[in-house]
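The values are calculated or read from the model by the stated rules, or taken from the named source; none is laboratory data. From a predicted model like this one, the values you see are computed outputs, not experimental measurements. Don't worry about glycine lacking a Cβ; one is built from the backbone with ideal geometry, like all the others, and counts go over all protein chains shown. Accessible surface is based on the protein model in full, side chains and every heavy atom, while ligands, DNA and RNA are left aside. Shrake-Rupley method; radii C 1.70, N 1.55, O 1.52, S 1.80 Å.
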Amino acid sequence: MDTFSTSVLRRLTVAQHGPCVSIFMPTHAVGPDGQQDTLRLKNLLVQAERGLIDQGLRGPEAKKLLEPVRDLPAEPGFWEKRSQGLAVFVTEGLCHCFRVPLPLVEAVVVNRRFQVKPLLPLIGVNDQYFVLALSQNRVRFLEGRQFSMTEVKVDGLPRDMAEVLNHDASQRPTLGHVAARGPSGKAAAVVYGLGGEREPAKDELAQYFRAVDAALREPLREQRVPLILAGVQYLLPIYREVSSYGHLADEELLGNPDHLSEHDLHARAWPLIRARQENARLEAVDKYWKLAGTGKTLDALHRIVPAAQQGRIESLFVDRTAHRWGTFDAATGSVTVRSSPTSERGDDDLLDYAAAETLLHRGSVYAVAADAVPVPPAAAILRY
């Protein structure tokens, strides 16, 4: 799987100096179907070559432009690492390929800019989050995305509680069950585990967690994304008391995380983030209808496109399967919409353009089915 992010989108946007070819196709994530995928890519390259010739390139020029893509199947392991979809972007001096976990619809677009809307579900709404897996014996800080999670190495992050409290193995407190409770029903300061071994006191745990929090301040300094805590129920409220990060998620992954792999943690964390995203979308829809008629919303493409280019859109809803072809003159703000593209006029997919510009100006894009767009094929909430 390859990562398609906003930074990649920005690179694709600035790289458009000539005819741009965007190729999308479904692939077989597993099984002996690499030959079928290779044949499908070959057929799409034939379509791309015709499209380049229609754009004015001579046959040999078109073949040369597509040569890096034609050589892809010969790369060792290329098809072995495939996912559910393949997206290819190629222009003079640039060829980017993304094996993505999306079942892409087969398509070839040859234009003066790259088509990116099919990949917007990967970046349309920020899917970044963090997980902090805490126990007495281990600390892990992980970054999650929609389809992956990786551990982040942080300078100064304690390996375990003993490192902070300077205990050796024979002195180390152990977490068993809470054996005593105070008047309020909360755990008392010192409790005993199974076999009479002393459990760590709350102030010892707080000291440990303050060291963890201090190490995370720098990597979290500019972040605004949720941090999900993973650990046994007794520990997490203590960490919340000492944490300086302002975006701790209310949701928690309860239980000892020491033996959970990155895959396991992702499988448990992502549904929580996905629910957050869906709630955010529903709140944005509700906000759209509350603001409708106040001048803070748009549903006409000839007004949405310039607003996106100017960075005025806070949230954009766009039909992920629709196309609206035409041209946009940034100097005058003029938008012309046509029923089908014409190479002579250099038409763009205006829905695709508006979505890309909204993302590049840090707006949110909801690339959804038509019935989830307040006013199809596109509707927007304005910042100003």
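Given their separation in residues at 0.36 nm each and the Cα-Cα distance between them, Glu283 and Glu75 gain 70.3 nm when the chain is fully extended.
Computed with a 1.4 Å probe over protein heavy atoms only, the accessible area of His28 comes to about 50 Å².
Ignoring the sites themselves, the chain has its longest run without GluC sites (Glu not before Pro) in a DSSP loop having at most 15 other Cβ atoms within 10 Å at 223-343.
Within the accessible area of the chain, the carbon and sulfur atoms contribute 50%, probe 1.4 Å, all protein chains present. Here the spin labels are modelled as points 7 Å beyond Cα on the Cα-Cβ line, and at Asp264 and Ala29 they lie 2.1 nm apart. Placing a pseudo-label 7 Å from each Cα along the Cα-to-Cβ vector at Asp54 and Val337 gives an inter-label distance of 2.2 nm. Under 5 Å between amide hydrogens, built in the peptide plane, is the criterion, and for Arg113 it picks out Cys20 among residues at least 5 positions away or on other chains. Around the amide H of Tyr366, modelled in the peptide plane, lie the amide H atoms of Leu316, Phe317, Val318, all under 5 Å away and 5 or more residues distant in sequence or on another chain. Measuring with a 1.4 angstrom probe and ignoring ligands and nucleic acids, Ser148 comes out at about 40 Å² accessible.
Of the residues Val375, Val90, the one with the largest accessible area comes first in the ranking Val375, Val90, computed with a 1.4 Å probe on protein heavy atoms.
Cα centroids of the stretch 195-274 and the stretch 85-155: 25 Å apart. Taking all protein chains into account, the per residue accessible area for the stretch 29-162 stands at 47 Å² (1.4 Å probe). Remark: the stretch 225-384 carries 47 Å² of accessible area per residue (probe radius 1.4 Å; ligands, DNA and RNA excluded). Along its three principal directions, the equivalent ellipsoid of the chain from the Cα gyration tensor extends over semi-axes of 49, 26, 16 Å, largest first. Per-residue 3J(HN,Hα) values for the stretch 38-49, derived from phi via the Karplus relation 6.51 cos²θ - 1.76 cosθ + 1.60 with θ = phi - 60°, read 4, 5, 5, 4, 4, 5, 5, 5, 4, 4, 5, 5 Hz in sequence order (x marks Gly and Pro).
By a straight-distance test (C-alpha under 18 Å), which lysines pair with Lys63 as possible cross-link partners, with residues fewer than eight away in the same chain excluded? The reachable lysines, counting only those whose Cα sits under 18 Å from Lys63, are Lys42. Computed from backbone phi with θ = phi - 60° and the Karplus coefficients 6.51, -1.76 and 1.60, the 3J(HN,Hα) list for the stretch 219-224 is x, 9, 4, 9, 8, 10 Hz; x is used for glycine and proline. Taking Asp54, Asp329, Asp347 in turn, the Gaussian network model of the chain (Cα-Cα springs below 10 Å) assigns the largest fluctuation to Asp329.
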